[in-house]
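Enquirer: Sending over a structure as structure tokens; questions will come in a sec.
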Amino acid sequence: PQTWIAKQNAAATVVNLTLEKSFATVTNPNRKAWLSFSNVNGGDVGDSGNFSGETSLFERRYMFQQSVMTGWQGRWFQIGKVVVSNMSRALYDISQRGYLLSSEFNLRFSRSLSGLLKFDTLGNFALDGQITDGFLSNYRANDRASLGVRYVF
């Protein structure tokens, strides 16, 4: 009904270019590094409804608009039977002038038991970017750390 405020989506074009280099070895088959660029055009338009305003009540359709990301994945070392591997990513969104840093460490104790330690941090270098109501601006105070255990039986 026209008395409701509704999110409207428009057509979007997403372009992503990724360069990836494998550093695989016999003992470390998943080791690689990458660099990626992503650009989003479109996707968001104003809200609809009789009471919609100039600013939207809803989040943007895409978390990142124009971003560069680099990352690394692979095994670090082994102590006895414990294998330590890591995947780390760093993303910078040009439109939001914000960043996302993420790192995950896996400790494999056996074929069925492993541990997990993960860190995520996000924020803005400045709040005067082209987009001031994006994912990084809205959630810049939501850093997290996770610790877990996996057992497969």
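Enquirer: Considering only the range 57-64, I want to know if a residue exists there that is of a type outside the set (A, V, I, L, M, F, W, C) and in contact with a Ser or Thr (Cβ under 6 Å, 6 or more places away or on another chain). Show your work before the answer.
Expert: Residues of the range 57-64 that are of a type outside the set (A, V, I, L, M, F, W, C), as a first pass: 59-62.
Still in the list and also in contact with a Ser or Thr (Cβ under 6 Å, 6 or more places away or on another chain): none.
No: zero hits.
Enquirer: Take the conditions within 28 Å of Val14 (Cβ to Cβ) and either of a type in the set (A, V, I, L, M) or at pLDDT 95 or above (or both) and apply them to Val149. Does it pass?
Expert: No: the conditions fail for Val149.
Enquirer: Now, a different point. Here's a check for you: in the range 1-32, which residue that is free of Cβ contacts under 8 Å to residues at least 40 places away in the same chain and small (Gly, Ala, Ser) is surrounded by the fewest Cβ atoms within 10 Å (Cβ to Cβ)?
Expert: Looking at residues that are free of Cβ contacts under 8 Å to residues at least 40 places away in the same chain and small (Gly, Ala, Ser), I get Ala11.
Enquirer: Return the residues of the range 34-54 that are under 30 Å from Phe77 (Cα atoms) and surrounded by 15 or more Cβ atoms within 10 Å (Cβ to Cβ); say none if nothing qualifies.
Expert: Hits for the range 34-54 are Trp34, Ser36.
Enquirer: Moving to a separate point now. Can you pull out every residue in the range 6-40 that is in contact with a strand residue (DSSP E or B) (Cβ under 6 Å, 6 or more places away or on another chain) and farther than 29 Å from Met87 by Cβ?
Expert: Selection gives Ala6, Gln8, Ala10, Ala11.
Enquirer: Within the range 129-153, restricting attention to residues that are of a type in the set (S, T, N, Q) and out of contact with any Lys or Arg (no Cβ under 7 Å at 6 or more places or on another chain), which residue is least open to solvent (accessible area, probe 1.4 Å)?
Expert: Step by step, filter the range 129-153, then rank; the result is Ser137.
Enquirer: Answer yes if at least one residue in the range 56-65 is basic (Lys, Arg) and at pLDDT 90 or above, and no otherwise.
Expert: No; the residues of the range 56-65 include none that is basic (Lys, Arg) and at pLDDT 90 or above.
Enquirer: From the list Ala126, Ala90, pick out the single residue that is at pLDDT 90 or above and surrounded by fewer than 15 Cβ atoms within 10 Å (Cβ to Cβ).
Expert: Of Ala126, Ala90, the one residue that is at pLDDT 90 or above and surrounded by fewer than 15 Cβ atoms within 10 Å (Cβ to Cβ) is Ala90.
The values are calculated or read from the model by the stated rules, or taken from the named source; none is laboratory data. Everything numeric here is computed off the predicted structure, so don't read it as measured data. Counting neighbours? That spans all protein chains shown, and the Cβs are built from the backbone with ideal geometry, glycine included. In case anyone asks, the SASA skips ligands and DNA or RNA and just uses the protein heavy atoms, side chains included. Shrake-Rupley method; radii C 1.70, N 1.55, O 1.52, S 1.80 Å.
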